[in-house]
Amino acid sequence: MPHAPNATPIAALAFVGSLYLGRRWSIILPLVALLLSDLLIGFYDWRIMLSVYGSFILIGFLSWVCRKYNSFSSVGVTVVASSLVFFLFTNAAVWLFSPWYEKSIFGLLYAYELGLPFLRNMLLGDIAYTLVLVGAIEIAFVLSGVRILSTKTA
């Protein structure tokens, strides 16, 4: 499906998995989705792929905060943190393992600078997809008389 670069529901799957299915699903769902998309779209430098998959494992761990604190505010904070984790790890990997950047602090900062539009897209996508997925599930639970997330602050 056409979308802005990095605006995908993968991180939202980690949050849905953690909140509604159990902690292990916060890692399994994003990794399976990544693997399926890589099988369809194609693979790339294994070291950079490892940073992408590793970032989503870290995002899965971050989503456990949502489960622990069980609040809308914890979801919001961890969604933003997950976008930043992905940005920092994957852009560092592209700087380190690709020939595109000078291997200096200036090259790393340049890689981060050029990655800012992707960070914006990921942050907006993560927020939107998490709102849609978690919101739809919460609405379904409210309509059925069950409350999962609380309105308390983290």
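Restricting attention to the range 98-120, and to residues there that are of a type in the set (A, V, I, L, M, F, W, C) and more than 18 Å from MET49 (Cβ to Cβ), which single residue is nearest to the chain's Cα centre (by Cα)?
Quick first cut of the range 98-120, residues of a type in the set (A, V, I, L, M, F, W, C) only: 100, 105-106, 108-109, 111, 114, 116, 118-119.
Add one more test, that the residue is more than 18 Å from MET49 (Cβ to Cβ), and what stays is 105-106, 108-109, 114, 116, 119.
Details: ILE105: 26, PHE106: 27, LEU108: 22, LEU109: 22, LEU114: 19, LEU116: 16, LEU119: 11 Å.
Ranking the qualifying residues of the range 98-120, first place goes to LEU119.
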Requested in this report: Run down ARG23, ARG47 and say which single residue is in a loop (DSSP other than H, G, I, E, B) and either farther than 17 Å from PRO5 by Cα or without any contact (Cβ under 8 Å) to a residue 60 or more places away in the chain (or both).
Outcome: ARG23
Query raised in the report: For the range 89-110, does any single residue satisfy the condition of being in contact (Cβ under 8 Å) with a residue 24 or more places away in the chain, in contact with a helix residue (DSSP H, G or I) (Cβ under 6 Å, 6 or more places away or on another chain) and either within 21 Å of ILE137 (Cα to Cα) or in a loop (DSSP other than H, G, I, E, B) (or both)?
Result: no
Query raised in the report: Among the candidates SER37, SER82, SER51, which residue alone is touching a Leu at 6+ places or on another chain (Cβ under 8 Å) and more than 24 Å from ALA140 (Cα to Cα)?
Result: SER82
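Report yes if VAL132 is part of a helix (DSSP H, G or I), free of Cβ contacts under 8 Å to residues at least 24 places away in the same chain and among the β-branched types (Val, Ile, Thr), otherwise no.
Numbers: part of a helix (DSSP H, G or I): yes; free of Cβ contacts under 8 Å to residues at least 24 places away in the same chain: no; among the β-branched types (Val, Ile, Thr): yes.
Taking the combined requirement at face value, the residue does not satisfy it.
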Query raised in the report: Which condition does ILE10 not pass, out of (1) closer than 17 Å to LEU131 by Cα; (2) more than 11 Å from the chain's Cα centre (by Cα), if it passes all the others?
Result: (2)
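Laboratory data are not the source of any read-out in this text; all were calculated from the coordinates shown. Note that the structure is predicted; figures quoted are calculated from it, not measured. Positions of Cβ are backbone-derived with ideal geometry, glycine not excepted, and every protein chain shown enters the neighbour counts.
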